[in-house]
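The values are calculated or read from the model by the stated rules, or taken from the named source; none is laboratory data. Fair warning: this is a prediction, and the values are worked out from it, not measured in the lab. All Cβ positions, even for glycine, are placed from backbone atoms using ideal geometry, and neighbour counts span all protein chains on display.
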Amino acid sequence: MKTQFDERLKQIDDDIQWNKQRNQKVKNEIIAEIEKHERKPSILKHTLIYSSSLIAFAIFAFLIVVNITPINESQRPSDEEITNPILDEDVMEEENEWIESDNELDIEDGVKMTEDRSTWTEEEMLNDLSAGIILTHRQLTKFVEGEWVPDYHSAEDQQIISDLFSYVSRAGTAAFHLSADNYLYVDLMNLNSVLGEAFQNQDDDGLLLAYQVVHDLDVAYNGFEEDKGPFGVTLYRDATYDVVRTYLGRQ
Amino acid sequence: MSNVKQQVITEWYSQYSNSIFSYILLMIHEHQLAEDLTHETFIKAYKKYDSFKGDSSPKTWLFSIARHTTIDYVRKRKPVSYLKEFLSFKTDKGPLPDEVVQIKESSRELFEALRQLKKTYRDVIILRKLKEFSTKETAEILNCSESKVKSTLNRAIPALEKQLLKEGYLHENSI
């Protein structure tokens, strides 16, 4: 049964009116683009026939010339190979540039926590909230995908664990100061507790649960992934909340 | 076949373009961008037309494309700006330009309150209450389970009412 509030909500949709002329303009643009798209295959077909005829003719002419011209005995394939070294270098350079630019993207994408928090501005808090979730998600994704197998004792892993606590704590503090979303703050605090419990008990299942929580947060607040994950459909909060409480012994 | 495809897309545009446009506008609050993404939605529908098997209604299918198109666009933005959209800090609350879209005064308060909600809540309210999709259709568009739609809606409505109270648009005894 519809409530009065439902009626008010429905009314919003009726009250948003897109200018008819603008609507028509977009329609015309779509039709033009579709027609352009449909013309492409036939143009391509004609171009293909024309160019293949040209190539066939060129090959035919080349064969005739080769048959007529006497072969120079001193000319060897190895001589031909070095006729244009500059071109090869160019190609190599281009390939290297591609590889370098790929690496740059992998290593440096600008996601980092604020270093100097003496003046922690709203902008920096927003950054730390987002970056904290992203960096935690990245590290725990490595765990889920088998790239990081924590032994919980090595100095390297202790550092990683310490970093994870730092990311989540700072993101949580930022959420608190920004009064962003009470659920977000609670989720981040719970995430910190789950991580603490998992590390203390050296429990991989706990880390997996922490991953699930941070994965959901990444979907909900950063929107980087489909609303799906290794767990099938991500059930943000609804799926993890009770599990988290149980894991922390609160139920 | 191509002409048939073009004809169907044109018909769908006449039927659903307004609704698709307002859906995108409610998600991103940028009228110019909403127009561009509406355009892109119908172009994608044309290109993917052969994959439409008719398992869902054309409207549900188009809304699903519109949602993915919008999300894809937003993902390409920097994370901080995306987060800002969610948290809606220092957002421009000025009127939308009349030449593109008009929102009646009676709905502006709810429109503003909706934009303050978090994305998951907003998605479900828009689809279930504004667009009046069924729970099953909403689940198809959002690519999630029906139970998630129900539970999210149960949380989303009180959150919206709370937002209206906070902004002084609603009195406690009127809920």
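Table for the structure above
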| quantity | calculated |
| --- | --- |
| Filtered residues of the range B:25-53 (kept if in a helix (DSSP H, G or I) and aromatic (Phe, Trp, Tyr)) | B:Phe42, B:Tyr46, B:Tyr49 |
| From A:Phe199, A:Phe143, residue being at pLDDT 85 or above, surrounded by 16 or more Cβ atoms within 10 Å (Cβ to Cβ), away from chain B (no Cβ under 11 Å) and within 19 Å of A:Val111 (Cβ to Cβ) | A:Phe143 |
| Residue in the range B:41-50 that is among the hydrophobic types (A, V, I, L, M, F, W, C) and facing another protein chain (nearest Cβ under 9 Å) present | yes |
| Check on B:Tyr73, at pLDDT below 85, facing chain A (nearest Cβ under 7 Å) and assigned to a helix (DSSP H, G or I) | no |
| Number of the exception - B:Asp36 against (1) within 11 Å of chain A (Cβ to nearest Cβ); (2) touching a helix residue (DSSP H, G or I) at 6+ places or on another chain (Cβ under 7 Å) | (2) |
| Output for the range B:14-28, where each listed residue is more than 10 Å from the chain's Cα centre (by Cα) and either surrounded by 17 or more Cβ atoms within 10 Å (Cβ to Cβ) or among the aromatic types (Phe, Trp, Tyr) (or both) | B:Tyr16, B:Ser17, B:Asn18 |
| Selection from the range A:9-28 of residues that are polar (S, T, N, Q) and more than 7 Å from chain B (Cβ to nearest Cβ) | A:Gln21, A:Gln24, A:Asn28 |
| Qualifying residue in the range B:11-24 (condition: modelled with pLDDT under 95 and outside any helix (DSSP H, G or I)) | no |
| Odd one out for B:Glu140 among (1) at the interface with chain A (Cβ under 8 Å from one of its Cβ atoms); (2) of a type in the set (D, E, K, R); (3) within 16 Å of B:Ser56 (Cα to Cα); (4) assigned to a helix (DSSP H, G or I) | (1) |
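Here is a yes/no grid of residues against (1) of a type in the set (D, E, K, R); (2) within 14 Å of chain B (Cβ to nearest Cβ); (3) in a loop (DSSP other than H, G, I, E, B):
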residue	(1), (2), (3)
A:Lys112	yes, yes, yes
A:Ser118	no, no, yes
A:Glu123	yes, yes, no
A:Leu126	no, yes, no
A:Ser130	no, yes, no
A:His137	no, yes, no
A:Asp151	yes, no, yes
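Rundown of residues vs (1) free of Cβ contacts under 8 Å to residues at least 60 places away in the same chain; (2) of a type in the set (D, E, K, R), yes/no style:
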site	(1), (2)
A:Lys112	yes, yes
A:Asn127	yes, no
A:Val144	no, no
A:Tyr152	yes, no
A:Glu156	yes, yes
A:Leu164	yes, no
A:Ser169	yes, no
A:Ala175	yes, no
